[in-house]
Amino acid sequence: MFRFFFKKESRVEELIYSYIENFQLIYGNFEKAVLCCIQQPLCEEFDFLKRQTHKYEAKADDIIDEINNLMYGKVLIPDSREDIMKLLLAIDKIPGHLEIVLSMLKYQHLVIPKEIIPETLDLVKISLSSCEALSKQVITLLKKGKGLRELMNKIDRYESHCDHIETELIQQVFNSEIDPFIKLQLKELIICMGDISDQADRVSKLVNILSLKRRV
Amino acid sequence: MLSLLGGIFMGWSLGANDASNIFGTAVASRMIKFWTAAILASLFVILGALISGQAGIETLQGLTSFDLPQAIIASVAAALSVSIMTLMGWPVSSSQAVVGAILGIGILNSQINVSGLGKVLICWFTTPVGGAIITILLYRSIAFYYNRIPISLFSADRLLKIGFIFFGSYSAYALGANNVANVTAVFVGAGKLSVFQAALIGGLSIAFGILTFSRPVMETVGKKLVELDPFSALMVSISLGITIHIYTIIGVPVSSSQAIIGGVLGIGIIKGTNTVSMKTLKNIFLGWFLTPVVACVLAIIISFGSYLEYTGP
């Protein structure tokens, strides 16, 4: 009924949901890019998917900038302004990690050795599952839905699983006969992949705190 | 018109200072633009004064009997004591200043309505206590539903903003109805103004104070209350309106600052934190005691001064 008086608020709401949709596109695209790279390293399709990921990441930055400008225009109440910006900036670190992984694969001409492909795929899939659960958790927070804690616990489990895979992968890399220089590069790549679920877990805990803070 | 200047000054200063209690939180946190708040507050103060200001005016004019010079002295003494105490940085309530000044005139006339005065004193004491109790009751009952209604973060935001505007306007109405007596009741007692004229002039002078000088006060005082979370701040705002409205029905002008401090104290009790420092509480008690005393003494001194005549060398 009062939406007419809250045009800017409605715009912020639209932008936040479009940010989340865009975030889903980024990690969806990232998954395709990694799979493509594993099947056929450094092919044209990988290049295209990497460019797409970068395009979506840039769009995410544009959305955050627009939200930021609206926030400076005093949209929403101060507590919500602060919480939403803190949340978006925390989520925005994840696309950054995804892009770093793709850049490492492309610019360092990294080829994932056959012996670690299954675990690497597991690491990517579980990391992206944590991103998927995170976007659900954020939507639940915005809509004041139920099940926030369950989603937080789920993401926490994914993160522990990823940590476990990450350690195993690094061990496997250093136990293999690969060139030592490549080993270091692969180690860096694996750590970067592990950062995805670590950041998702941090954001998930932040979402939980914001939800508790909003309870009166 | 000149004889009303003391009262008009009193109304102006009341509007400039007390508007911050109503819309301070919302304006300081940029939830509402200053001019939206100022216009709403002015409009509702005038409406409150005209529609419900009669009871307070009758209570104050009934505390003693005045002639016009005494009414002028009472209003000037009250206005002066508010100004002096504000300049000295002491907490001040215009309601207490006016009653103190009327009491001074009553002492000189040897005529004080003791039962009326007793009613006023009880109301002064119960204002912050009432503010705290109402805030606690409101918070507990509204929070119960607020936590359970399935509305999005954005809808909750809109609801809070609408709440601030709606209940801010209601508090402004209650403030106008309650405090207009401080501005012009003495002139009704002296037969200079009718109740309607007193309510109109009083309401307009409070509104003038809000429109011309409330911005800096709103922004500084409001920031002190912003430290409360938005929901708590809204509960304090609703409680302020209800508390003042109750005293308006009883017919006793009370201090909106003391009502709001009671409300903030109530939030502190709910959350188990110190929302009001001991220093602020001491200042309230100091204000309770000093304001009427200073106004009473000033009224007596000015009255004696008015009898002095120049006799020449």
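Read-outs throughout are calculated quantities, based only on the coordinates presented, and are distinct from any laboratory measurement. Please read all numbers here as calculations on a predicted model, not as lab measurements. Reconstructed Cβ throughout: ideal geometry from the backbone, glycine too, with neighbour counts over all protein chains shown.
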Task: Loop-resident sites, segment A:95-192, for GluC sites (Glu not before Pro), counting at most 14 other Cβ within 10 Å (DSSP) - done: A:E177
Task: Gap separating the Cα centres of segment B:113-181 and segment A:124-164, nearest whole Å - done: 41 Å
- [ ] Sequence neighbours fewer than 8 away in the same chain don't count; with that in mind, list the lysines whose C-alpha is under 19 Å from A:K205.
- [x] A:K86, A:K93, A:K136, A:K143, A:K144, A:K146, A:K154, A:K213
Task: Of the GluC sites (Glu not before Pro) in segment B:215-313, those whose Cβ has at most 16 other Cβ within 10 Å and which sit in DSSP loop - done: B:E227, B:E309
Task: Cα-based Rg of segment B:1-96 normalised by 2.2 N^0.38 Å, two decimals - done: 1.23
Open item on the list: I'd like the distance between the alpha-carbon centres of segment B:19-35 and segment A:81-113, rounded to an integer number of Å.
Closed with: 41 Å
Open item on the list: Using DSSP to call loops (not H, G, I, E or B), can you name the trypsin sites (Lys or Arg not before Pro) in segment B:141-182 whose Cβ has at most 15 other Cβ atoms within 10 angstrom?
Closed with: B:R148
- [ ] Could you go through segment B:280-294 in sequence order and give the Karplus-derived ³J(HN,Hα) for each residue, using 6.51 cos²θ - 1.76 cosθ + 1.60 with θ = phi - 60°, rounded to whole Hz, and x for Gly and Pro?
- [x] 5, 4, 4, 5, 5, 4, 4, x, 4, 7, 6, 4, x, 5, 4
Task: chain B - Rg over Rh from alpha carbon coordinates, Kirkwood radius - done: 1.00
Open item on the list: How large is the translational diffusion coefficient of segment B:56-108 in µm² per second when you combine the Kirkwood radius over alpha carbon pairs with Stokes-Einstein at 10 °C and 1.306 mPa s?
Closed with: 141 µm²/s
Task: Number of partner chain Cβ atoms within 10 Å, mean per residue of A:77-85 - done: 5
- [ ] Tell me the Kirkwood hydrodynamic radius of segment A:172-216 in angstroms, computed as one over the mean inverse distance between distinct C-alpha pairs.
- [x] 13.0 Å
- [ ] Let me know the volume per residue of the alpha-carbon convex hull for segment B:54-169, in Å³.
- [x] 155 Å³
Task: Rg [Å, one decimal], Dmax [Å, integer] - the protein assembly as shown, C-alpha atoms - done: 32.6, 119
Open item on the list: Percent of Cα-Cα pairs more than 19 Å apart in segment A:142-216, please.
Closed with: 49 percent
Open item on the list: Using only the Cα atoms of segment B:166-310, what semi-axes does the equivalent ellipsoid have when each is the square root of 5 times a gyration tensor eigenvalue? Give whole Å, largest first.
Closed with: 32, 20, 14
